[in-house]
1. Could you tell me whether LEU432 is assigned to a strand (DSSP E or B), under 21 Å from the mean Cα position of the chain (by Cα) and of a type outside the set (Ser, Thr, Tyr)?
2. Suppose we filter the stretch 356-371 for residues that are over 15 Å from SER414 (Cα atoms) and either surrounded by fewer than 18 Cβ atoms within 10 Å (Cβ to Cβ) or within 21 Å of the chain's Cα centre (by Cα) (or both); how many remain?
3. Given the criterion in contact with a Cys (Cβ under 9 Å, 6 or more places away or on another chain) and modelled with pLDDT under 90, identify the matching residue among ALA2, ALA23, ALA7, ALA27.
4. Is there any pair linking a residue in the stretch 385-411 that is part of a loop (DSSP other than H, G, I, E, B) to one that is hydroxyl-bearing (Ser, Thr, Tyr), with Cβ under 7 Å and at least six apart or on different chains, and which?
5. Could you please find all residues in the stretch 314-355 being over 13 Å from VAL303 (Cβ atoms), crowded, with 17+ Cβ neighbours inside 10 Å and either β-branched (Val, Ile, Thr) or without any contact (Cβ under 8 Å) to a residue 24 or more places away in the chain (or both)?
6. Here is a list: ALA126, ALA50, ALA88. Which entry is out of contact with any Lys or Arg (no Cβ under 9 Å at 6 or more places or on another chain) and in contact (Cβ under 8 Å) with a residue 40 or more places away in the chain?
7. If we only count strands (runs of 3 or more DSSP E) wholly inside the stretch 196-297, which ones have 2 or more residues that are polar (S, T, N, Q)?
8. Suppose we keep only residues that are part of a loop (DSSP other than H, G, I, E, B) and touching a strand residue (DSSP E or B) at 6+ places or on another chain (Cβ under 9 Å) within the stretch 38-51. Which one would you say is surrounded by the fewest Cβ atoms within 10 Å (Cβ to Cβ)?
Amino acid sequence: MAATAAAQITGNNYWEAIPPEVAGGPAKPAPPPIIPNVPFAPVRNVPVLAKLKIDKDFKLLGPYAPLWLGTKSVALLGTRRGQVTLLAWDSERLVSPRVVVDPSTIHGGAILDMAMSRDGKRVAIAAAAGDNLQVWLRDTQSDAQASIVATIDGRCDKAGIAWLDANTVAVGAQMEQSAPPPPAQSPIIMPGQPQQPAAAPQPSNNLYIAQLGQQKSPARIDLECLGHVDPTTLTWSPEGSHAVAVSEEQGKWMLIDRAKATCAEIKLPNIVPAKFIDWGDKAQRFLFTATPARFPDPGHVGVMEYSLAAHKARLIASPATAAAYVGGGRIVALGSQRLNAAAMAANPDALFPAQIAWVDPGQSELNIVPTGFASSATELLHAHLVYSAAKGLLATAFQTPNPKGEFSVLMWISAVAHSGGVLGTGKMGTMLLSWSPDGSRLAVLAGLPDHPTLAIVAAPQ
């Protein structure tokens, strides 16, 4: 039996704990802006390095943010001519895309998953090839051919791959099991005797660790919980020491310790976890969203932080879903002090002032800063925050009303000054964002889902 990590929910909700008078005052009203009717348009004095409308023959696989290949190229994951393809563009021109990964890269195998290294200079690929599961590696900075770095025996049609460090990848796989031989039967079949077909064997869940550059088979990690979790969806910490796994039993999460090769149930009394957000420094904390078991509605969804050392979880903000770590254990969340379950139930279409909450849980400190825009509860609870540790900058995008129709606003905020501004707008869909590794550029995938447009914006100075 795996060890059980007990957790407790504290009553501290930093979003609501500080009296309103300490929050920033309301923003001064401004005249309605003129919003161009395009997927993305920069505001005045914001340099756009490049912008490109995605060709119709390239279909995005899903709502995935752009991937940075180092600091000068950006990539999108999609399908072209029905095949999974990773295309890359020079971030200064966005012309003549090159293929980084497609089936020809791995000699015709079936691509199951891929993962970019943290510096964006290599991509690891999990691929099915007949009776083998292969791990390929490709340099994203050159035209060098991809190479096989590991092979796992067995047929596989579902796998997930993740980088643990610069020389190690983890592969979670559901492997097909061989059917048992049919039982011996009498050659005499009685009339009317039913023939019972043999039950198909269930796939086995497996976790492998592959050391790149070493000529040996990947090591298989035996974990008791693997029979009850999907190994292809593990969320690994940046140091590769721990992973969060979602159990088949609804509302239950498991914590995997790679060094000890153990699983521990994450106990969250009366709480139903929903979505993993982000790992904190040194893999000792992580952010996630959850709802009370008694009130599993969007009006009660909140951002929570779990401590591995204390085996406890605490509420950071509610209702809220967008949050990020910004260094030193500090947390930032997007929401509104006026937003609550009762207000959402009374008027689902009401608008609320969008606000940024800067939280230091260790000091029980809170600073709430208005963005100057209003948004609906639905938009605030579907927005995202992306943080660049290199520059100490946040970026977020959400929809806001306008006399001539709502639009998406793209904003930046300084983690030091707690202030920022608008980078651009869009009137044709939503936006997904990602910072370059050095924080000098922001990739914006706008116009989703019907008018996908890729833009590269220079970071504020």
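1. Values: assigned to a strand (DSSP E or B): yes; under 21 Å from the mean Cα position of the chain (by Cα): yes; of a type outside the set (Ser, Thr, Tyr): yes.
When the stated conditions are applied, LEU432 passes them.
2. Adding up the residues that qualify gives 5.
3. Of the residues listed, the single one that is in contact with a Cys (Cβ under 9 Å, 6 or more places away or on another chain) and modelled with pLDDT under 90 is ALA2.
4. Sorted first by the residue in the stretch 385-411, then by its partner, the pairs are GLY392/SER414; GLU406/THR400.
5. If the condition is that a residue be over 13 Å from VAL303 (Cβ atoms), crowded, with 17+ Cβ neighbours inside 10 Å and either β-branched (Val, Ile, Thr) or without any contact (Cβ under 8 Å) to a residue 24 or more places away in the chain (or both), then VAL326 is the only one that fits.
6. ALA126
7. Fully inside the stretch 196-297 and qualifying: 204-211, 285-292.
8. PRO47
The values are calculated or read from the model by the stated rules, or taken from the named source; none is laboratory data. These numbers come from a predicted model, not from an experiment. Here Cβ is always computed from backbone atoms with ideal geometry, including for glycine, and neighbour counts include all displayed protein chains.
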